[in-house]
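The values are calculated or read from the model by the stated rules, or taken from the named source; none is laboratory data. Computed from a predicted structure; not experimentally measured. Ideal geometry is used to build each Cβ from the backbone, glycine not excepted, and the neighbour counts take in all protein chains shown. Just the protein is used for accessible areas: all its heavy atoms, side chains included, with ligands, DNA and RNA removed. Shrake-Rupley method; radii C 1.70, N 1.55, O 1.52, S 1.80 Å.
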Amino acid sequence: MTQKISDYAKQLVNNAVVLGLFHGRSNGTFDPKKHTTRVETAVVLYRMLDKLDAAEK
């Protein structure tokens, strides 16, 4: 997986995975060079907002 991630982004992607923002596609793959769908983007945004809301409580 990490060989497809640009060097400058590897730590940021790892952080997002650890935080649970990214889980990969339903078939278990993660392809950072492909475009995301609107649904995938919405899911990541929802997870991020949910984490921010939980942190405020």
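Quick notes
- Count Lys and Arg as plus one, Asp and Glu as minus one, and take only other residues whose Cβ is under 13 Å from that of GLU40; the net charge is then +3.
- Reach of LYS4 by Cα under 23 Å, taken over lysines that are not fewer than 8 positions away in the same chain: LYS33, LYS34
- For the chain, the share of accessible area belonging to carbon and sulfur comes to 59 percent (1.4 Å probe, ligands and nucleic acids excluded).
- Net lengthening on full extension, MET48/LYS34 (0.36 nm per residue, minus Cα-Cα): 3.0 nm
- Per residue, the convex hull volume that the Cα atoms of the chain enclose (Å³): 89
- Helix 38-56 axis, angle to the chain major axis (alpha carbon atoms, nearest 10°): 40
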